[in-house]
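Here is the structure we will look at.
Taken together, the values in this text are just the output of simple stated rules run on the coordinates, not laboratory data. Note that the structure is predicted; figures quoted are calculated from it, not measured. Cβ: placed from backbone, ideal geometry, glycine included. Neighbour counts: every protein chain shown.
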Amino acid sequence: MLKISGIGKTFFPGTVNERRALDGLNLEMKEGDFVTVIGSNGAGKSTLLNAVSGRLFVDTGTVAIDGVVVNRMSEHKRARYVGRVFQDPLAGTAPNLSIEENLSLALLRGKPRGLGLSLSTKRREEFREQLTTLELGLEDRLTAKVGLLSGGQRQALSLLMAGFTNPKIMLLDEHTAALDPQRAELVTTLTQKIVDQGGLTTLMVTHNMEQAIRLGNRLIMMHEGRIVYEADQATKKKLTVRDLLKEFATIKGATLSDKALLG
Ligand SMILES: Nc1ncnc2c1ncn2[C@@H]1O[C@H](COP(=O)(O)OP(=O)(O)OP(=O)(O)O)[C@@H](O)[C@H]1O
Ligand SMILES: [Mg+2]
């Protein structure tokens, strides 16, 4: 479903601010794979997701979604295949539109313009049903402005919207990080549910190692723009936070001694 081959991305090349965010990264995901992504700040996790969503174009390598190389396809065009939820609860929804208008927009994503936001009774009923599954009472507030919702409610809505059109790839970038522990837990549970229901191929970035181990069927650790550790389903089942911390330490130690060796 997703095949990433040797992608590289350097920001501000040839300047003092040069940053190699992706460094020949390879990743292949089968349909229904749910990969959690961990790694320290600046490891290139968000850049990887941006390369898949089309927010940025890679310098080298290829990104293929369901067999189609999308390197030169705009973010707008890719939106048909890619669902996305960001860390910022404000990023995924339009605050001045109502819940039902936001849901309609999500349905129209990637479709030709001019279909309009008109809502049939049937459509409203469908929205109500889907909102009921969130168990946040939003089904009774279809016409409320989304700007009035709490962060957790908005993230839950974003998640529902991202999964709406059965995307080929679902991208989640620390989407529970801005929430209080209880809401984070709720959105985490919801994530698994929406992914399972749709059998969605999912890439989820998180700094929460317990969550990274618990969710999904594969786990990868990124460092300096590459995948430096990978756990398959069987390994992940036995994995502990301690194991991951050890991996982190080894990788950090290795780069430090490499640098020392290089003088
Ligand atoms: N648009 C950009 N312009 C310039 N540099 C960028 C841009 N986006 C990312 N970078 C740089 O690329 C590197 C990787 O950044 P990225 O945001 O992918 O890291 P991350 O793993 O998501 O980190 P975090 O855990 O802090 O979110 C960093 O050094 C960052 O400063
Ligand atoms: Mg990031």
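Only bridges whose two residues both fall in the range 167-263 count here: according to DSSP, what percent of them are antiparallel, nearest 5?
Values: 5 of 10 bridges.
Once the DSSP bridges in the range 167-263 are tallied, antiparallel ones form about 50 percent.
GNM on the chain, alpha-carbon springs under 10 angstrom: the most fluctuating residue among Lys236, Lys193, Lys246 is Lys246. Rounded to the nearest Hz, the phi-derived 3J(HN,Hα) couplings of the range 69-85 under the Karplus curve 6.51 cos²θ - 1.76 cosθ + 1.60 (θ = phi - 60°) are 6, 10, 2, 9, 7, 5, 4, 4, 5, 5, 4, 5, 9, 10, x, 8, 10, where x marks glycine and proline. Note on the chain: GNM, Cα springs under 10 Å; of Gly14, Gly67, Gly24, the largest mean-square fluctuation is that of Gly14.
Please figure out what share of the DSSP beta bridges in the chain is antiparallel and state it in percent, rounded to the nearest 5. Don't skip to the end; give the middle numbers.
Numbers: 21 of 38 bridges.
Percent antiparallel among DSSP bridges in the chain is about 55.
Between Leu148 and Glu210, the FRET efficiency estimated from the beta carbon spacing at R0 = 22 angstrom works out to 0.10. With the simple model of a label 7 Å out from the Cα in the direction of the Cβ, Glu224 to Thr132 spans 5.5 nm. Ordering Arg55, Arg84 by the number of other Cβ atoms within 10 Å of each residue's own Cβ, fewest first, gives Arg55, Arg84. Using a Gaussian network model of the chain in which every pair of alpha carbons under 10 angstrom is joined by a spring, one finds that among Ile220, Ile251, Ile169 the greatest mean-square fluctuation is at Ile251.
For the range 7-130, take the convex hull of the Cα atoms, compute a quarter of its surface area, and give me that in nm², please. Mind showing how you got there, number by number?
Working: hull surface 42.0 nm².
The number I arrive at for the range 7-130 is 10.5 nm².
Of all aspartates and glutamates in the structure, the ones whose alpha carbon falls short of 13 Å from that of Lys3, not counting any fewer than 8 places away in one chain, are Glu28, Glu31, Asp33, Asp66. For the range 214-226, 3J(HN,Hα) computed residue by residue from phi via the Karplus equation (6.51, -1.76, 1.60; θ = phi - 60°) reads 6, 8, x, 10, 9, 9, 10, 10, 10, 8, 6, x, 9 Hz, glycine and proline entered as x.
Would you mind checking the pairs Lys168/Lys252; Lys45/Lys77; Lys77/Lys193; Lys122/Lys145; Lys45/Lys236 and listing those with alpha carbons more than 24 angstrom apart? Walk me through the intermediate numbers first.
Details: Lys168/Lys252 34 Å; Lys45/Lys77 22 Å; Lys77/Lys193 27 Å; Lys122/Lys145 21 Å; Lys45/Lys236 19 Å.
Among Lys168/Lys252; Lys45/Lys77; Lys77/Lys193; Lys122/Lys145; Lys45/Lys236, the Cα-Cα distance tops 24 Å for Lys168/Lys252; Lys77/Lys193.
Once divided by 2.2 N^0.38 Å, the Cα radius of gyration of the chain becomes 1.06. Each residue, Ala234 and Asp180, gets one label point 7 Å from its Cα in the Cβ direction; the gap between the two is 4.4 nm.
Amide H contacts under 5 Å for Asp23: Lys9, Arg226, restricted to partners 5 or more places along the chain or on a different chain, H placed in the peptide plane at 1.01 Å from N. How would the range 113-175 be classified by its alpha-carbon gyration tensor: rounded, prolate or oblate, with rounded meaning a/c under 1.5 and the a/b versus b/c comparison settling the rest? Taking the square roots of the gyration eigenvalues as a ≥ b ≥ c, the range 113-175 is oblate.
Considering only Pro13, Gly39, Asn50, the residue lying farthest towards the positive end of the dipole of the range 1-72 is Pro13, judged by Cα position with unit charges set on Cβ.
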